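What follows is a single structure, written as structure tokens, with notes after it.
The values are calculated or read from the model by the stated rules, or taken from the named source; none is laboratory data. None of the values given here were measured: they were computed from a predicted structure. Ideal geometry is used to build each Cβ from the backbone, glycine not excepted, and the neighbour counts take in all protein chains shown.
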Amino acid sequence: MGEIFYKEECYAIIGAAMEVHNQLGCGFQEKVYQDALEIEFKLRNIPFVREQHLPIFYKGIRIKHDYYSDFICYDKIVIECKSVPEILKEHEAQTINYLKINSYKLGLVINFGNKTLDYKRLIN
């Protein structure tokens, strides 16, 4: 079994997301969960940057469109929030691409769109 990257940090992030889901339930748009998660991160002293600007390069040339992460936590974990019936392969691929272009090792896709919180750990 491989190394588990940032185990304690992920535990803290998922705990915060679970609290948000417990308080709000499912059915809101992503932005509502992002706003609540920002509050919960502050309450728990989880370091984060919201909507971090991440440039994208193609063959060494910066392209016109950039990516804005939902959150970067602990300066090393990309958080992608969703409010959908299920986490799709497309959500996973999107997050993996963000990890690759910015040299992050770990991403979390957190889905608030069901009766129970769902999340996936993705490693670059």
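Among all positions in region 9-24, there is no residue which is among the hydrophobic types (A, V, I, L, M, F, W, C), in contact with a strand residue (DSSP E or B) (Cβ under 6 Å, 6 or more places away or on another chain) and assigned to a strand (DSSP E or B). Residue count for region 1-32 under the criterion of being in contact with an Asp or Glu (Cβ under 7 Å, 6 or more places away or on another chain) and modelled with pLDDT under 95: the result is 0.
Residues in region 102-124 that are part of a loop (DSSP other than H, G, I, E, B), farther than 14 Å from ILE14 by Cα and in contact (Cβ under 8 Å) with a residue 24 or more places away in the chain: TYR104, LYS105, GLY113, ASN114, LYS115, ASN124. Of the residues contained in region 13-34, one or more are found to be within 14 Å of the chain's Cα centre (by Cα), of a type in the set (Lys, Arg) and at negative phi.
Exactly one residue out of PHE41, PHE5 is of a type in the set (A, V, I, L, M, F, W, C) and assigned to a loop (DSSP other than H, G, I, E, B), and it is PHE5.
Test LYS59 against the stated conditions and say whether it is closer than 20 Å to GLU9 by Cα and either modelled with pLDDT of 90 or more or in contact with a Phe, Trp or Tyr (Cβ under 6 Å, 6 or more places away or on another chain) (or both). Considered against the rule, which asks whether it is closer than 20 Å to GLU9 by Cα and either modelled with pLDDT of 90 or more or in contact with a Phe, Trp or Tyr (Cβ under 6 Å, 6 or more places away or on another chain) (or both), LYS59 comes out as no.
Of the residues making up region 50-67, those that are closer than 23 Å to LYS31 by Cβ and of a type in the set (Ser, Thr, Tyr) number 1.
Among the residues of region 64-71, are any among the basic types (Lys, Arg) and surrounded by 10 or more Cβ atoms within 10 Å (Cβ to Cβ)? No; the residues of region 64-71 include none that is among the basic types (Lys, Arg) and surrounded by 10 or more Cβ atoms within 10 Å (Cβ to Cβ). Of the residues making up region 75-101, just one is in contact (Cβ under 8 Å) with a residue 40 or more places away in the chain, surrounded by fewer than 18 Cβ atoms within 10 Å (Cβ to Cβ) and assigned to a helix (DSSP H, G or I), namely ILE101.
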